Amino acid sequence: MAVWGAPGGRPWIGWTIGAASFAVAFLARYHFAEAMAGLPFVTFFLAVLLTSFLGGWRPATAVAAASLLAAAYWFLPPYGQWKFAWPQDAVALGFFVLVAGSQIMLVHRLTGALARLEWKRTQMEALRASERLMFSELQHRVANGIQLVASLLSLEASRVETAEDARVVLDDAVSRLSIVATVHRRLHDPDLGEAGFEKALESLARDILCAAGRQDVELVVRAPRLAITPADATSLSMIVAEGVTNAIKHAFADRTTGRIDIRFGADAVGERRLTLRDDGPGFARLPDEDGESLGVLVMSSMARRLGGWLVLGNAPEGGALVTVVMPEPGAAAA
């Protein structure tokens, strides 16, 4: 229910309604004075009630006060004088005050309750819309996760030729599925949501290092805030996870210390780049993108999902360098 004179609305409408209601009530009572003899307040009750509903309690209170004075002066004998018969006039005036006040209070409480009910209904509608959105997003993320797991298992299955291969492949699959779980846990951690993608990547890399018992490896992550979709964040995180795992296996195999630098950002032409560099000996021979290295296959597959490409090489300052180049958002669609 809309109360036009309510706070935050248009108060002048409520006062206009009050003035009009009082004027109509006065003219009706004055015009039908003989027919309404003995009922000095009858039309004013309706004016107070109407103003309460449409104008709010303040204009209604003003109408009640004006009605009391008008009825006391013009419609209580002796008419046109401020003289009252005791106790009947006092009882009549007190009855009007009681009834008019009750009307104003009840209508005010009713409109307040209706306003609260409408607010709660609006909140419930917003909550339901939010729940539907969250459920849709959850379905999308679960579907992406299942698709990612299926892709990894398919890549693993392509390596199976003997029973011994199957055992090794299953071990690798378990390890990579554990990484997928770690990626999703870190990306969807509410505590990391405000910190941004940089904190998520750092936490993911540290989890992998700690799981391998390599807390001695120095980790540096730089990822300024950029707009990124959950699906793209998952693919980038999988590439980082593979890069860190490969660094543990090859760059730090016979060392007690090491360093990994991870950077993600946009260059001057708008291309986004993810780079991961270790300080190990680097690649003795660059692996073939479609060769036997499953880690390279996974990173290459994730890069293609991002609409970009994978570049492997050795950094000028030493160590292996993994780079994923993503075109400027919207460039591929254009």
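FYI, it's all coordinate maths here, none of it is from the lab. Please read all numbers here as calculations on a predicted model, not as lab measurements. Here the Cβ positions follow ideal geometry from the backbone for every residue, glycine too, while neighbour counts run over all protein chains shown.
Between the DSSP loop rule and a limit of at most 11 other Cβ atoms within 10 Å, which GluC sites (Glu not before Pro) in region 211-311 are left? The qualifying sites are GLU292.
Excluding same-chain neighbours fewer than eight residues apart, the lysines reachable from LYS249 by a Cα-Cα span under 28 Å are LYS199. Relative protection proxy for 114-121, 65-72, 318-325, from highest mean packing down: 318-325, 65-72, 114-121 (other beta-carbon atoms within 10 angstrom).
Projecting the alpha carbon convex hull of region 87-128 along each direction and taking the average yields 2.2 nm².
Counting Cα-Cα pairs of region 196-334 in 10 Å increments starting at 0 gives whole-percent bin shares of 12, 45, 35, 8, 1. Would you tally the net charge around ALA113, using a Cβ to Cβ cut-off of less than 13 Å, leaving ALA113 out, and scoring K and R as +1, D and E as -1? Cβ neighbours under 13 Å give a net charge of +3.
Available extension along the chain between ALA150 and MET124 is 5.5 nm, counting 0.36 nm per residue and deducting the alpha carbon span.
With 5 Å bins beginning at zero, the pair-distance distribution over Cα atoms of region 234-303 amounts to 3, 15, 23, 24, 19, 11, 3, 1, 0 %.
Here the alpha carbons of region 11-126 define both size measures, Rg and Dmax, at 16.8, 61 Å.
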